[in-house]
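The values are calculated or read from the model by the stated rules, or taken from the named source; none is laboratory data. All values derive from a computational prediction rather than experimental measurement. Note: ideal-geometry Cβ built from the backbone for every residue, glycine included; neighbour counts use all protein chains shown. For the accessible areas, the whole protein counts, side chains as well, though only heavy atoms, and no ligand, DNA or RNA atoms are used. Shrake-Rupley method; radii C 1.70, N 1.55, O 1.52, S 1.80 Å.
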Amino acid sequence: MPQPIVALVGRPNVGKSTLFNRLAGRRLAVVHDRPGTTRDRLQATCEWNGVLFTVVDTGGIEVLPDRVAAGTRPGPEQPLTEDSAAFIPLIRAQAEIAIADADAVIFLTDGAAGLVAADEEVADILRRSQKPVFVAVNKTESHRAREAAVEFYRLGMAEVYPISALHGQGVADLLDRVVETLPAQEEEAEDSSVRLAIVGRPNVGKSSLLNRLLGEERAIVSPVPGTTRDAIDTQMEWEGTPITLIDTAGIRRRGKVVPGVEQYSVLRALRAIQRADVALLLLDATEGITAQDAHVGSFVLDEWCGVVVLVNKWDAIEKDAYTMLEYTGDVRARLKFMNYVPVLFISALTGKRVNRVIPEALAVHRARQERIPTSELNRLIRKAVAQHSPPSKWGKRLKIYYGSQAGVAPPTFVFHVNDPRLVHFSYQRYLENRIREVYPFTGTPLRMLFRPRRRE
């Protein structure tokens, strides 16, 4: 039985992401005092009093179109920036989906600002949902602010809970009551899904691909670069195999990253790569292979992650019988450190070849689990050494005594040699290529370690 869902809902900039991070026990959501920072739904598994549930962070519900048009909102918060104002309808749609999916809703308000008209209109939306709603009055650290929280009883939504999401005050009392209303659940096994991270530079179609794979509007899609700011986990199943899709923010070069919200978004994208089994590296066919694409690919390889290169927007390219072959050669040339990686030409907009993405990613995942018997590995190494002698240095030649596969995901090989300092990068690459001729290890890097042979 799936875990019950608790949605965090409220107008913008009342502290939903701060409370989300506290419930999740780590900084998953980007927190910033600018309204409109959270745009997509963001999920995490939480536990309270032995009850497991999924908490969903949402973007703020903006319900006053006339105020939005003027670029302002009721209350003392900052005005919406122009780029955030453009996302208001999409943010609200995502929040309403979260409400519809939830078993309970925490309606977060701002005790420092007091009860405002936008709170009352959000309350009207929640009343129509007929879900259990808990009013949490945030930013009530002082005794006076806690006493003033009684004002929110005017919303007519049962109990009001003064809390401080930043400092944790009152959160325990709130959660005690919330978990009492959640439906009972059976104990679930540990997550064994295959984790696929959709990565790339900004505006190459990552969220569009996610929605196409899922067949629903799970993430906000927009032509504006930088729309996705958090790493979003979404569960799905493919022919009986559980899969976790992770949509991430676009990754720029370090020098191009704007300090603040974008910087934290990129950090979360890199952390998503760290926990992924396979990265789906998206490229934009209309713009060609850029240095930034290679930069993102290097992040993936630094984490020893499996890779499938997806050339998106292929529908927008004028093609002949040789276009795909020529573009593949360009990908191999510009991403030469990834010559073992499969390349698919897709269109997230039309769905062209998208049905091949998951099977290819699962093939890469299987390759990451593959093992070579020790006897077979040493036979391959002896043959490679006979065909091309190891290099020498300081009048001393490299000797490889034997090797073994020490682990998987990524496949890790340990070679015992006379002196690891004699191993040149080019010869290490030569040995890797000889191994791949027999065991391709499609889409996955090989970790090769050279250690001195222990003396008796």
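Here are the numbers for the structure shown:
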item: Test: ASP315 is charged (D, E, K, R), within 21 Å of the chain's Cα centre (by Cα) and farther than 19 Å from ARG436 by Cβ; result: no
item: Restricting segment 118-141 to residues that are among the polar types (S, T, N, Q) and either part of a helix (DSSP H, G or I) or surrounded by 13 or more Cβ atoms within 10 Å (Cβ to Cβ) (or both), the residue that is modelled with the lowest pLDDT; result: SER129
item: Search result, residues across segment 159-173 that are without any contact (Cβ under 8 Å) to a residue 40 or more places away in the chain and either outside any strand (DSSP E or B) or of a type in the set (S, T, N, Q) (or both); result: GLU159, SER164, HIS167, GLN169, GLY170, ALA172, ASP173
item: Set GLU190, GLU180: member being open to solvent by 30 Å² or more (accessible area, probe 1.4 Å) and at pLDDT below 90; result: GLU190
item: Contacts under 7 angstrom Cβ, first residue in segment 363-386 being among the small types (Gly, Ala, Ser), partner part of a loop (DSSP other than H, G, I, E, B) and open to solvent by less than 40 Å² (accessible area, probe 1.4 Å), 6 or more apart; result: ALA367/PHE441; ALA367/GLY443; ALA367/THR444
item: Selected residue [under 14 Å from the mean Cα position of the chain (by Cα) and within 17 Å of SER208 (Cα to Cα)] from ALA285, ALA279; result: ALA279
item: Qualifying residue in segment 254-274 (condition: open to solvent by less than 20 Å² (accessible area, probe 1.4 Å), modelled with pLDDT of 90 or more and part of a helix (DSSP H, G or I)); result: no
item: Within segment 309-348, tally of residues that are in a helix (DSSP H, G or I), modelled with pLDDT of 90 or more and β-branched (Val, Ile, Thr); result: 1
item: Selection within segment 290-308 - open to solvent by 10 Å² or more (accessible area, probe 1.4 Å) and either part of a loop (DSSP other than H, G, I, E, B) or not aliphatic (A, V, I, L, M) (or both); result: THR290, GLN292, HIS295, SER298, PHE299, ASP302, GLU303, TRP304
item: Contacts under 7 angstrom Cβ, first residue in segment 129-158 being of a type in the set (Phe, Trp, Tyr), partner part of a helix (DSSP H, G or I) and open to solvent by less than 60 Å² (accessible area, probe 1.4 Å), 6 or more apart; result: PHE134/LEU174; PHE134/VAL178
